[in-house]
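Single-structure report; data block below.
Every number in this text was worked out from the coordinates using simple rules, so none of it is lab data. Note that the coordinates shown come from a computational prediction; the quantities given were computed from them, not determined experimentally. Here Cβ is always computed from backbone atoms with ideal geometry, including for glycine, and neighbour counts include all displayed protein chains.
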Amino acid sequence: MKKKVVVGLSGGVDSSVSAYLLQQQGYEVIGLFMKNWHDDSVTISDECPWLDDSNDAMMVADKLGIPFQTVDLSEQYKERIVDYMFNEYERGRTPNPDVLCNREIKFDVFMKIALSLGADYVATGHYCRKGTIEQNGETVYQLLAGKDQNKDQSYFLCQLTQEQLAKTLFPIGELQKPEVRKIATEQNLVTANKKDSQGLCFIGKVRLPDFLQQKLEPKKGEIIEIEAEKELYKAETPQFSNKEEELKFLAKKYKYKAEDGKLVGEHQGAHFFTKGQRKGLAVGGTPQPLFVIDTDVEDNVIYTGQGKTHPGIYRKALFITQDEVHWVRRDLAINPDETLEVKARIRYRQPLQSATLHQTENGMYVVFEQPQASITEGQFVAWYHEEELLGSGVIS
């Protein structure tokens, strides 16, 4: 009996080639397109990209001669991704919809549908790889970076579990992007030269600020500039009576008040802005460009600083509450008072940074060797050993 694989055909080149490769490897392949959006009250654009994508996916399935169907997951998507996003933005946090979409939709709702169709595996067009090792007679699955370092997408899968990895295949993880396009061209797949989609995971072409503005009310507020020479950046490091006090100090955010700086402009809502943002402030006349160093959604104030080296941008450590610490490799999880040297990143495509994990009773501190720019609440930090992603957490 051939093993059965359901491929999430998105209408892009990566998933198309994944389906072709699995077919070549002798699997019985089924193509499934996820429709994740049809709420017209939040218009996204006049074009309807998901229809184009769904047609492209269908044409690829037709060319490969595999069964194809569309599943409508828009209800679950709205509930688990969109509502969560609006909620996070209102709290002044910046969520990562792509990580969530993988955790909540592709590798949960979608995977359950695939397994109910009798599939042995689910496959996606992600640039990452799966490894297996045996430990005490049990199989442990590894999430490994994709061979194409420009395209490695392991970060987006940082919330996967052993159970999900056990049932997943990543057919293009060993390939470089140009090789994937070459295969698609050789097989005459309609997606061969299609541009990579930019936008919310599976909703298609959407600019996040436009999307948010349709649900979050604009409200005028002040843009305050904080000078780099401010006293609060020169505070002496206190004496600590224990390690956790020191960790708390390193991870602590600067607390700003409007009177700490000067008024330089107005904005339409603090919840539309995120740390490190430079575009969209519309404040001119400063010697160096202004960057967002903090947002206060309670008082609707945006705090900014001049230039990339402004001290308000940098922090040495971050904290993850215990309920948001996630280990892909549960066997490597550390206990309270234990530490682990790792490489970590706080955003997709960021080069890996040397860091130490410190587990406490209340959660985990990630302390970086070098101060990091724009550590942003609501985003994910992921930690690695060499090319293996070991775990992740939501920055608190």
Two pseudo-spin positions, 7 Å from Cα along C-beta at GLU361 and at ILE334, lie apart in nanometres by 1.9 nm
Antiparallel bridge percentage (DSSP; both residues within the chain; nearest 5): 75 percent
For the chain, find the longest principal axis of its Cα atoms and tell me its angle to the long axis of helix 177-186, 0 to 90°, nearest 10. 30 degrees
How many nm is it between the label spots at LEU352 and ASN87, if each spot is 7 Å from the Cα in line with the beta carbon? 3.4 nm
Reachable lysines from LYS252, Cα under 27 Å, same-chain residues fewer than 8 places away excluded? LYS230, LYS234, LYS243, LYS262, LYS275, LYS279, LYS308, LYS316, LYS343
Return the Cα extents of the range 239-339 along principal axes one, two and three, sorted largest first, each rounded to a whole Å. 53, 35, 26
Rounded to a whole number, what is D in µm²/s for the range 59-134 from Stokes-Einstein with the Kirkwood radius over alpha-carbon pairs (20 °C, 1.002 mPa s)? 144 µm²/s
What are the ³J(HN,Hα) values, in whole Hz, obtained from phi via the Karplus relation 6.51 cos²θ - 1.76 cosθ + 1.60 with θ = phi - 60°, for each residue of the range 12-23 in sequence order, with x given for Gly and Pro? x, 5, 5, 6, 4, 5, 4, 4, 4, 4, 5, 4
Between the DSSP loop rule and a limit of at most 12 other Cβ atoms within 10 Å, which GluC sites (Glu not before Pro) in the range 323-356 are left? GLU338
Taking N as the number of residues in the range 217-396, the ratio of its alpha carbon radius of gyration to 2.2 N^0.38 Å works out to 1.11
10 °C / 1.306 mPa s Stokes-Einstein diffusion coefficient of the chain, Kirkwood radius on C-alpha pairs, µm²/s: 70 µm²/s
Can you work out the Karplus-derived ³J(HN,Hα) for every residue in the range 153-164? Use 6.51 cos²θ - 1.76 cosθ + 1.60 with θ = phi - 60°, whole Hz, and x for glycine or proline. 10, 4, 3, 5, 9, 5, 9, 5, 10, 4, 5, 6
Pulled fully out, how much extra length does the chain show between GLU134 and HIS385, if you take 0.36 nm times their separation in residues and subtract their Cα-Cα distance? 88.6 nm
Cα-based helix-to-principal-axis angle, 49-64 vs the chain, degrees rounded to 10: 30 degrees
Percentage of interatomic Cα-Cα distances in the range 4-213 larger than 24 Å: 41 percent
Hey, in the GNM for the chain with a 10 angstrom Cα cutoff, which one of GLY305, GLY285, GLY378 fluctuates hardest? GLY285
Relative contact order for the range 289-396, counting Cα pairs under 8 Å that sit 6 or more residues apart, in percent: 29 percent
